[in-house]
Amino acid sequence: MTEWTADHVKAALVDAFEIDYDTGGRVGPKMYGSAMPEYLPDSRDLWWQVSSGSNRVGRMRAKVQRRSIKISRMEIVLLGHKDRNGNHIPNWLGGYLRDLSGPRNCLEAHAVNSAYWNLRGKSFDAKRFCKRVGWSYSTYRSRRDRGAAIIAFHLNELGMPTWW
């Protein structure tokens, strides 16, 4: 069994926000003029889009249905959960980094923006982001990594198995 590392925590946070962005959305009727039902791709469509590379961005991007284990992991990361003994385990950002606003803000900015740009087929430009919001890039990186290391320490202390 491997232990949680800062890189595992960052990847799990990005994955959780990607799933949240992908599965969440508008509830109710669509805008005027969209009377056609939403297109649901089958396995041949997904295979063709992956092999041709057209599933990366834009309108042609295939929306793959998320498995229940992925959604459960997203809920553990973003909402918290109860362990086998009934003890409440807090969400990762608001629980373990509750009193550390610097690491929490930097790690959250990294996870949210990375997830947003990953879903659009691009990578998150952290240097540009830091310049735009007035943060020092080196301070952002050290706080992000420190926050991820703190969460990894607490997860290892709880004995939570990794899913990587």
Open item on the list: Among the listed residues Pro103, Pro161, identify the single one that is in contact (Cβ under 8 Å) with a residue 24 or more places away in the chain, surrounded by fewer than 14 Cβ atoms within 10 Å (Cβ to Cβ) and outside any strand (DSSP E or B).
Closed with: Pro161
Open item on the list: Residues to consider are Ala115, Ala152, Ala109; find the one that is under 21 Å from Thr2 (Cα atoms) and surrounded by 16 or more Cβ atoms within 10 Å (Cβ to Cβ).
Closed with: Ala152
Task: Residue selected from region 88-100 under the condition in contact with a Gly (Cβ under 9 Å, 6 or more places away or on another chain) and either surrounded by fewer than 19 Cβ atoms within 10 Å (Cβ to Cβ) or small (Gly, Ala, Ser) (or both), by the criterion farthest from Ala6 (Cα to Cα) - done: His88
Open item on the list: Condition first: under 18 Å from Trp163 (Cα atoms), surrounded by 14 or more Cβ atoms within 10 Å (Cβ to Cβ), at pLDDT 90 or above and of a type in the set (Val, Ile, Thr). Can you find one or more residues in region 16-27 that meet it?
Closed with: no
- [ ] Being among the acidic types (Asp, Glu) and in contact (Cβ under 8 Å) with a residue 60 or more places away in the chain is the filter here, so list the residues in region 119-158 that pass it.
- [x] Asp145
Open item on the list: Condition check: in a helix (DSSP H, G or I), in contact (Cβ under 8 Å) with a residue 40 or more places away in the chain and among the aromatic types (Phe, Trp, Tyr). Does Tyr116 satisfy that?
Closed with: yes
Open item on the list: Every residue in region 119-158 that is out of contact with any helix residue (DSSP H, G or I) (no Cβ under 9 Å at 6 or more places or on another chain), closer than 19 Å to Ala11 by Cβ and assigned to a helix (DSSP H, G or I), please.
Closed with: Asn156, Leu158
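The values are calculated or read from the model by the stated rules, or taken from the named source; none is laboratory data. Here the structure is a predicted model, which is why all the values come from computation and not from measurement. All Cβ positions, glycine included, derive from the backbone under ideal geometry; neighbour counts span all protein chains shown.
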